[in-house]
Amino acid sequence: MPVQDENSHIAEAAFAATSSLFGSRAKAMEPLSQHGTFGVGGPADVWVSVESEDELARLVTLAWENHFPLLLVGNGTNTLYADAGARGIVARVAIEHIELQPRDEAHVILRVGAGVSLPTLVKKLTPLGWAGLEWAAGVPGTVGGAIVSNAGAHGACVADTIISVRTLQAPGNTREQALVRDLSGDELALGYRTSRFRSGRLVTFDDTGRPHASPRAQIEPAEIIVEARFLLKRDDPCNIAARAKSYLDHRKRTQPPQKSAGSVFKNPEPQKSGKLIQDAGLKPYRIGGAEISAKHANFIINTGGATAADVAALIALARRSVRERFGVELELEVEPRGDW
Ligand SMILES: Cc1cc2nc3c(=O)[nH]c(=O)nc-3n(C[C@H](O)[C@H](O)[C@H](O)COP(=O)(O)OP(=O)(O)OC[C@H]3O[C@@H](n4cnc5c(N)ncnc54)[C@H](O)[C@@H]3O)c2cc1C
């Protein structure tokens, strides 16, 4: 079968099968630009939100048995979706339970679904007087996405309070069944914007310097985060609220309000990517609808109508300029996803 016919056959079959499980919640040809904060990216053959571990397991089995590509995502706040979109099914992990288990007078264990948004979580915990995650008040991702890159800000990060993670391990070459597996904090390999969930996915750069996602596995990621446990400390709700507010105020002052995916590059410590890009003379610099922000040079903003190719061209330019000027190789913090 010609490739195009085969692709549309897979798209139709994947939509029919996903609709049979999720009804009208399954959407055909859904623009990924609507599901990521960059506001770029072409259509997913099928888009669906999975709201429980059971739904997730059923979707993974369906995709595996029918050979449909499946990509699991969160809020798309650290993701650069391709202009070509993504073949097969893209599913948002929208498991959103929040439960507190007392540990002692001063501590509680938070059990939280991977799909809970960090700002929502902080808003719920603050009046209850449970501290430890308020650094994330202005980080717009989900708990799952935050664990993948060990998100952090204001001197704190996921690694500081996480106890364990519950995962669904996708079937693979040696196994036909998805398995639930609990991983302790020590097994997560959390480091500066990395973890075991991300370390195997290499971003490559083509001859022009543009980024490409690593080749897609049929089900990706192979380890899907379902739930996490964190250890939180008691504190005065007023103190927690004051800290969260100061972090949000700082962001307002220093970060651009336009669509973006936050910091594009990791900081090559002790240097800052934003300063290097600025000193390379690229603040601001525009390609198509994408611009290196005049407010913070490590942010690429969508000024309206940007494509993923525009963003990728700016990434290539910034990396090349910083390498030529300072001999520093910038590494991506955002992840290209979909069919590049
Ligand atoms: C304005 C702005 C400010 C930001 N500030 C910060 C900041 O201060 N610090 C910081 O660290 N980040 C920051 N970010 C980046 C981003 O919010 C975080 O990295 C966030 O935690 C990503 O979560 P997400 O749900 O959006 O993940 P997505 O972008 O949806 O996904 C990221 C990766 O994780 C994978 N993934 C998602 N969910 C799961 C899951 N349940 N199981 C397995 N894999 C999964 C996806 O496949 C993808 O590869 C910012 C972003 C924006 C837009």
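Since every read-out is calculated from the coordinates, none of them should be taken as a lab result. Keep in mind that this is a model prediction, so the values were computed, not measured. Heads up, the Cβs are rebuilt from the backbone with ideal geometry, glycines too, and the neighbour counts pull from every protein chain shown.
Results, tabulated for the structure shown:
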item	result
The chain - convex hull of the alpha-carbon atoms, volume per residue in Å³	142 Å³
Semi-axis lengths, Å, the range 76-168, gyration tensor of Cα atoms, sqrt of 5 times eigenvalues	27, 15, 12
Semi-axis lengths, Å, the range 3-93, gyration tensor of Cα atoms, sqrt of 5 times eigenvalues	19, 17, 10
GNM result for the chain, Cα springs below 10 Å: residue of Ser19, Ser49, Ser293 fluctuating most strongly	Ser19
Top positive-direction residue, dipole computed over the chain with Cβ charges, set Leu188, Val334, Ala213	Val334
Estimated [θ] at 222 nm from DSSP helical runs (n ≥ 4, -39500 (n - 2.57)) normalised by residues in the chain, nearest 500	-8500 deg cm²/dmol
For Asp235, Asp54, Asp104, order by how many other beta-carbon atoms lie within 10 Å, fewest first	Asp104, Asp54, Asp235
Relative pair counts by distance (%), Cα atoms of the range 1-153, 10 Å bins	11, 35, 30, 16, 7, 1, 0
Per-selection metrics, the range 256-337 (Cα): Rg and Dmax in Å	11.4, 35
GluC sites (Glu not before Pro) lying in DSSP loop within the range 91-172, provided at most 11 other Cβ fall within 10 Å	Glu105
